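What follows draws every value from the coordinates through simple rules; no lab data is involved. Since we're looking at a predicted model, the values are computed, not measured. With ideal geometry, Cβ positions are generated from the backbone for all residues, glycine too; neighbour counts draw on all protein chains shown.
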Amino acid sequence: METALRVAITLVVAYLIGATPFAVIVGRVFYGADVREHGSGNAGATNVMRVFGLKAGAAVLVLDALKGVGAVILASLVYPEHLGAAAHDWVLIGASFAAVLGHSYSPYLRFAGGKGVATAAGALLVLTPVAWPILFATFVAVVAISRMVSLGSVVVAVEFPVLVLLLYMDRPSLVTFSFVAATLVIWRHRSNIARIARGEEAKISLGSRDTGRNQEDAR
């Protein structure tokens, strides 16, 4: 009972960590504006970059990723490892999902939010440190070439379970998680995928700001 209560509290705290709306906080504190009222209306790093510029977007990207890092580290610290490696992995995975859900459905934003890609990336840095640099390099390369954050997110989602199968085959919980996570990311980006196919997806621009509200980003 004590372990179950500890896990439940950890997942709730991970959810609340993920729910912290840094995109909205940065916009309001430093720019006097709500990012949800500009650009795509999305409360995430990509829209912050479009609306307020590269520095603001980068800051929110790092802060959102740290939410995932913090949630997984918290779970690792409070869960007793003597109960088994598999159970320990599942708790870390649960904390990752909780943080991403918090980011996507934040109670501070009336259960709205971003798409959770940056928060998930932070969690994966702790969960799958060997695969993470490959995923990061792929994301950067795809975005640099296409200038579409959404395309980078989808490509990495497809790549992730393949890497986990190659690098973490001895951890079946991670293998299961990788396929579920990839499916969720692709599902969350289904509208972006449709726009990419039509050649209508928004592209990022590092040299200008965009306050038009007609596209949906990937964060």
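Rounded to the nearest 10 degrees, the inclination of helix 85-104 to the longest alpha-carbon principal axis of the chain is 20 degrees. Placing pseudo-labels 7 Å out from each Cα toward the beta carbon at Val180 and Arg147 gives an inter-label distance of 3.9 nm. Note on Ala8 and Asp34: the model spin-label points, each 7 Å out from Cα along the C-beta direction, lie 3.4 nm apart. Ranked by the mean number of other Cβ atoms within 10 Å of their residues, highest first, the peptides 175-184, 153-162 fall in the order 153-162, 175-184.
Please compute the length gained on full extension between Ala197 and Asp170, using 0.36 nm multiplied by the number of residues separating them and subtracting their Cα-Cα distance.
6.0 nm
Database remark: amide H of Ser106 closer than 5 angstrom to the amide H of Phe111, Ala112, Gly113 (H placed geometrically; neighbours at sequence offset of 5 or more, or on other chains; Pro and chain starts carry no H). The chain has equivalent-ellipsoid semi-axes of 30, 21, 13 Å, by the square roots of 5 times the alpha carbon gyration tensor eigenvalues, sorted largest first. Over the chain, dividing the summed -39,500 (n - 2.57) contributions of all DSSP H runs of at least 4 residues by the number of residues returns a 222 nm mean residue ellipticity of -23000 deg cm²/dmol.
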